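For reference, the structure discussed in these notes is given below.
The values are calculated or read from the model by the stated rules, or taken from the named source; none is laboratory data. Predicted, not measured: the structure shown is a model, and the values here were computed from it. Note that we place each Cβ from the backbone using ideal geometry, even for glycine, and neighbour counts take in every protein chain shown.
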Amino acid sequence: MGSAQELSIDPELTGSSRTMLGIRFSISTVVGNESSKEYLTQWFDLGAGRLRGTQELFADAAAWQNFVGLVGDGLHGFPGIGAGSASTVDPQKPASLNFDSAGDALVEFGENTVAASSAGNVVIKLSGTVVTPLLSVSGQQVRDAGMRPTGLPARQPSPSSSAPDSNSGTGDPADGAHDIDGPDVDCRKVKCVALTFDDGPGPKTGQLLDALKQADAAATFFVVGTNAEVRPKVLARMVAEGHEIGNHTWNHRVLTSLAPDRVAKEIGSVTEVVEDATGSAPTLMRPPYGATNTTVKKAAGAPVILWDVDTLDWKVRDAKRVVSNALRDTRPGSIVLMHDIHSSTVEAVPAILKGLRAKGYHFVTVSELLAPSNPRDGAVYGRGPAPGKAKR
């Protein structure tokens, strides 16, 4: 009997303008007990009506070779990667090249591409001041599209959406945190629920934040490092508006399959990115796939958060079914699992908020939900207290 095989390809918008459109594909492969993940970004030149290869984004052959050398230099700093790694930047096979809001270049490599699988995905960040002079006109357009995504075709706005595409994280933190239920709520006395979102920030996370703000609802976001690094402004907005950020590892690996030092790096790398963007480190950790053991709990450095309601949004990709699953299965004290990388989930959230509030629920962060339990680092929690069920 052959090994089970699975291929999952998730596209997301990574940049847009009147001239350029960038789509970043997350490609996950599972064969038996082995899994891998890689990224591919394709840039569409809307004026010319065709794809632009990575090499076309640079002024000339010399600029391209300069860029290849810079990437190679960056690769040398990663464990398990030796001299000569620059040769892996193949001009015939475009790398996943994106630009963050500061104009810095992000080059991503999948597992086994430039290092052993134990190293996971590798992301090289190059300063915009160094890369920009190397870019062609098309490359500069790509950089602008990644920094300030604008010019998307008009869509029918949802009642909760008031901001442009979330890749820019344009919600203004100066607006202040919304009037959420807050830490004064005692979840042993009232019905509470903690909505949690994994794997982001995604291209629609800003729209999700709009919906939460309009409903005066708090949530907890368990972010993945590769996405968090690309969208630091979205992280800052989450914190400014009263939400909580948790650690979901850098590469979304099955932590129980990794050596202790790799587990520590998967967690520690995210901590650094979140702290740089928000000024504070995550105080919760959620292991990918809920996979945990003694090594993971020891490395977590924070309470380990699972869930008791799986909306199956990652599987069904249908907003109505996600709403139905959430409203049907949520109980007082529930921790609800969703993923803000899926558009269908973002579309479902306003109805979930309305439906649960009609049932008398207060929306709190996971830390607020668990506060009466005095959660401990390394301990595993799948739900919180409920009225009448507090321990004496």
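Descriptive notes on the structure:
- Of the residues examined, residue 278 is not one that is within 21 Å of residue 336 (Cα to Cα), surrounded by fewer than 22 Cβ atoms within 10 Å (Cβ to Cβ) and modelled with pLDDT under 95.
- Qualifying residue in region 297-312 (condition: among the basic types (Lys, Arg) and assigned to a helix (DSSP H, G or I)): yes
- Against the numbered list (1) surrounded by 22 or more Cβ atoms within 10 Å (Cβ to Cβ); (2) among the polar types (S, T, N, Q); (3) over 21 Å from the mean Cα position of the chain (by Cα), residue 324 comes up short only at (1).
Results for (1) at pLDDT below 90; (2) of a type outside the set (Val, Ile, Thr); (3) out of contact with any Asp or Glu (no Cβ under 8 Å at 6 or more places or on another chain); (4) buried (at least 18 other Cβ atoms within 10 Å of the Cβ), shown as yes or no for each residue.
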| residue | (1), (2), (3), (4) |
| --- | --- |
| 21 | no, yes, yes, yes |
| 27 | yes, no, no, no |
| 32 | yes, yes, yes, no |
| 37 | yes, yes, no, yes |
| 48 | yes, yes, yes, no |
| 53 | yes, yes, yes, no |
| 57 | no, yes, yes, yes |
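- Qualifying position, being out of contact with any strand residue (DSSP E or B) (no Cβ under 9 Å at 6 or more places or on another chain) and not basic (Lys, Arg), among 324, 367, 373, 334: 324
- Residue count, region 204-256 (criterion: among the basic types (Lys, Arg), surrounded by 24 or more Cβ atoms within 10 Å (Cβ to Cβ) and either without any contact (Cβ under 8 Å) to a residue 60 or more places away in the chain or out of contact with any helix residue (DSSP H, G or I) (no Cβ under 8 Å at 6 or more places or on another chain) (or both)): 0
- Residue 253 vs. criteria in a loop (DSSP other than H, G, I, E, B) and touching a Gly at 6+ places or on another chain (Cβ under 7 Å): yes
- Of the strands (runs of 3 or more DSSP E) lying entirely inside region 16-76, those carrying at least 3 residues that are within 27 Å of the chain's Cα centre (by Cα) and among the aromatic types (Phe, Trp, Tyr) are 34-45.
- Residue in region 365-382 that is touching a residue at least 24 places away in the same chain (Cβ under 8 Å) and more than 30 Å from residue 299 (Cα to Cα) present: no
- Residue match in region 275-284 (condition: assigned to a loop (DSSP other than H, G, I, E, B) and closer than 20 Å to residue 202 by Cβ): yes
- Residues (within 18 Å of the chain's Cα centre (by Cα) and surrounded by fewer than 17 Cβ atoms within 10 Å (Cβ to Cβ)) located in region 290-305: 290
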